[in-house]
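Here the structure comes first, spelled out in structure tokens, and everything after it is commentary.
The values are calculated or read from the model by the stated rules, or taken from the named source; none is laboratory data. Since we're looking at a predicted model, the values are computed, not measured. As a convention, Cβ positions derive from the backbone with ideal geometry for all residues, glycine included, and neighbour counts pool all protein chains shown.
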Amino acid sequence: MNTLAGKVAIVTGGASGIGRATALLFAREGARVVVADIDGAGAEATAAQAVPEGSAVAVRADVSRPEDCRRIVATAVDTFGGLHVLFNNAGIIRRTTALDLDVEEWDRVMAVNVRSVFLMCKYAVPAMTEGGSIVNTGSGWGLKGGGNAISYCASKAAVVNMTRALAIDHARAGIRVNSVNPGDTDTPMLRDEARQLGEDWAAFADDAADRPMGRAGTPDEIAQAVLFLAGDAASYVTGSALVVDGGGLA
Ligand code: NAI
């Protein structure tokens, strides 16, 4: 119940899916949480659901923008007095091949999925004066690739390797940096992917090649892995890529 007692955490993309589940779990585990999302109303809704009451605040922010990232970190320090945990989770996907992807869409995916990790770390690391833990969100597709998602696969591979670079650079400051790499997880993003591909959800969710367990993961199952990496139980784990995919990479 108190894995993160006394800790201050930021969760980006906390209005939905994996980010919302993780923000709520962090709060239940004793953290005070800044829920940041470009969807301000969704971030407010997550903060309002957090137990105990008052343990989370919402910030409307676009994590591809430097000034917004600076403001997210400042909110943690000004509201809760410091920063110990950063979950870089906000992300987007475009389900197309190179042939159908606009240059602007390529740039947007890279800005939201990759530049955001650089920016958030740039501002968060100096605020982690007592050490800390950063968890970046890769993907099974950042490790093995996948079809119809060229910008997404490139962006998530970048996140996995940036994680290793960050881990090395900041280890002596007592800051651990790891990636969590989910397989298909039942969130609004995944359901939107099925729509983008014109596929029926039931058939999409039952894809045997990607899902040996016969189902997609749940946001709570990813959140539990993030909690492990965020907390002191993972004190000698840094630079790692933790896969949580029900055997999809096996
Ligand atoms: P989701 O779409 O349910 O939630 C993503 C959240 O990020 C949304 O609340 C959205 O408003 C926010 N967001 C998007 N752009 C933003 C921006 N520029 N600034 C701030 N917030 C922004 O998606 P889900 O599934 O919860 O995904 C979370 C992370 O997990 C993403 O990085 C995704 O790529 C990754 N992931 C998801 C998988 C899945 O199957 N759902 C599989 C592997 C990785």
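Brief remarks follow.
- For segment 82-90, the count of residues that are surrounded by fewer than 18 Cβ atoms within 10 Å (Cβ to Cβ) and touching a strand residue (DSSP E or B) at 6+ places or on another chain (Cβ under 7 Å) is at least one.
- Taken over segment 169-186, the residue count meeting the criterion of being within 13 Å of the ligand (Cβ to nearest atom) and either assigned to a helix (DSSP H, G or I) or closer than 20 Å to A241 by Cβ (or both) is 7.
- Some residue of segment 69-91 being in a loop (DSSP other than H, G, I, E, B), within 15 Å of the ligand (Cβ to nearest atom), under 17 Å from the mean Cα position of the chain (by Cα) and of a type in the set (A, V, I, L, M): yes
- In this structure, A27 does satisfy being small (G, A, S) and part of a helix (DSSP H, G or I).
- Test result for A43, near the ligand (Cβ under 9 Å from one of its atoms) and either touching a residue at least 60 places away in the same chain (Cβ under 8 Å) or buried (at least 24 other Cβ atoms within 10 Å of the Cβ) (or both): yes
- When we screen D220, D192, D200, D207 for residues that are out of contact with any strand residue (DSSP E or B) (no Cβ under 7 Å at 6 or more places or on another chain) and modelled with pLDDT of 95 or more, the only hit is D220.
- Failed criterion for M120 (all others in (1) in contact with a Cys (Cβ under 7 Å, 6 or more places away or on another chain); (2) touching a residue at least 60 places away in the same chain (Cβ under 8 Å); (3) on the phi > 0 side of the Ramachandran plot hold): (3)
- Taking every residue in segment 191-205 that is in a helix (DSSP H, G or I) and pairing it with any residue that is acidic (D, E) and more than 12 Å from the ligand (Cβ to nearest atom), at least 6 positions away or on another chain, the pairs with Cβ-Cβ distances below 8 Å are A194/D200.
- Residues of segment 123-141 that turn out to be touching a residue at least 60 places away in the same chain (Cβ under 8 Å) and assigned to a helix (DSSP H, G or I), as a count: 2
- Any hit, segment 223-235, residues being within 29 Å of A98 (Cβ to Cβ), in contact with a strand residue (DSSP E or B) (Cβ under 8 Å, 6 or more places away or on another chain) and free of Cβ contacts under 8 Å to residues at least 60 places away in the same chain: no
- Segment 1-24: number of residues that are under 16 Å from A223 (Cβ atoms) and either in a helix (DSSP H, G or I) or among the aliphatic types (A, V, I, L, M) (or both): 14
- Check on K144, surrounded by fewer than 21 Cβ atoms within 10 Å (Cβ to Cβ), within 16 Å of the ligand (Cβ to nearest atom) and under 25 Å from T218 (Cβ atoms): yes
- Yes/no for L4 being away from the ligand (no atom under 16 Å from the Cβ) and of a type in the set (A, V, I, L, M): yes
- Failed criterion for G239 (all others in (1) within 16 Å of the ligand (Cβ to nearest atom); (2) under 18 Å from the mean Cα position of the chain (by Cα); (3) at positive phi; (4) of a type outside the set (A, V, I, L, M, F, W, C) hold): (1)
- Residue count, segment 232-250 (criterion: buried (at least 17 other Cβ atoms within 10 Å of the Cβ) and not in a loop (DSSP other than H, G, I, E, B)): 5
- Picking from residues in segment 48-68 that are part of a helix (DSSP H, G or I) and not polar (S, T, N, Q), the one that is nearest to the ligand (Cβ to nearest atom) is D68.
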